[in-house]
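Structure first, then comments.
The values are calculated or read from the model by the stated rules, or taken from the named source; none is laboratory data. Please read these numbers as outputs of a predicted model, since none were measured by experiment. In this analysis, Cβ positions are derived from the backbone assuming ideal geometry, glycine residues included, and neighbour counts consider all displayed protein chains.
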Amino acid sequence: MDIRHAIHPDHAKTLDTAGLRRHFLVDSVFAPGGMTLTYSHIDRIIVGGIMPLDQPVVFAPELGRHTGTEYFLARREIGLINIGGDALVTVDGTRHEVLREEALYIGAGAREVRFESLDPAAPAKLYFNSAPAHTTHPTRKITLEQASPETLGDPKTSNRRTIYKYIVPNVLPTCQLLMGMTKLEEGSLWNTMPCHTHERRMEVYFYFNMKDDAVVFHMLGQPQETRHLVVRNEQAVVSPSWSIHSGVGTQAYTFIWGMVGENQVFPDMDHLKPADLR
């Protein structure tokens, strides 16, 4: 497990490109046949990817050492969205088929969780976020059609996009985790612009559906001290609550967002005008 510490905004101002990438970029999310985990002390979110091949992937018993619990999900909830081939996820003996662009929420207390690809030649890619949880909510699959879609933006400002809210209160109950997926329309390049911060929640963006020669310039930092990271396909950026989180690509892309923090009120945002940014 890769451990990342919380970063104060005054510290972030002093970082060069390598320092920003080391603290905020998760540059390798999927490992064929295995699992990656990045533990951030920012609201104690765990970000990772699961990519089974011909053998199941499971949460190793020693993961409890990192969370101080008997097993990984003893006091954690987890949400995952499949961006690859069809998957089979078995939670304490109950099987769930999770197809491409479907999500699965697993409540705290799930002891035995197994991840498989239905066709190893077309492996599943299960991107996940996990957060501490104080109680247990039922495990549930969410399809794209159930994901509370909302279309925003305008082609004239290059930000026409549809937000699919998979794990939000009006779809299913969770302790604190929120997750969804945003698809940009062809010709649109910007996400979340005009941008915002939300002091009550941190957020992680995971970018995918990008060609090898495409990049996203992801904006971060305080509104008057902005920085950027160059992000490539299937990489993620961890954003503290004090940071903006917005990006512009060299071509259209898709990203998954996940939030952890004080509340689950999706529009609880401190909006910023482009004129306010520096």
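So here's what we get for this one:
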item	result
Number of the exception - Val237 against (1) of a type in the set (Val, Ile, Thr); (2) assigned to a loop (DSSP other than H, G, I, E, B); (3) touching a His at 6+ places or on another chain (Cβ under 6 Å)	(2)
Any hit, region 127-140, residues being basic (Lys, Arg), more than 27 Å from Gly33 (Cβ to Cβ) and surrounded by fewer than 19 Cβ atoms within 10 Å (Cβ to Cβ)	yes
All positions within region 191-222 that are surrounded by 21 or more Cβ atoms within 10 Å (Cβ to Cβ), among the hydrophobic types (A, V, I, L, M, F, W, C) and modelled with pLDDT under 95	Cys195
Residues of region 149-174 that turn out to be buried (at least 17 other Cβ atoms within 10 Å of the Cβ) and either outside any loop (DSSP other than H, G, I, E, B) or of a type outside the set (Lys, Arg) (or both), as a count	13
Residue list for region 240-278, restricted to those being part of a strand (DSSP E or B), over 17 Å from the mean Cα position of the chain (by Cα) and surrounded by 15 or more Cβ atoms within 10 Å (Cβ to Cβ)	Val248, Gly249
Unique residue being hydrophobic (A, V, I, L, M, F, W, C) and over 20 Å from Val29 (Cβ atoms) when the list is Trp257, Trp242	Trp242
Matching strands (runs of 3 or more DSSP E) fully within region 33-117 where at least 1 residues are modelled with pLDDT under 95 and over 22 Å from Thr174 (Cα atoms)	none
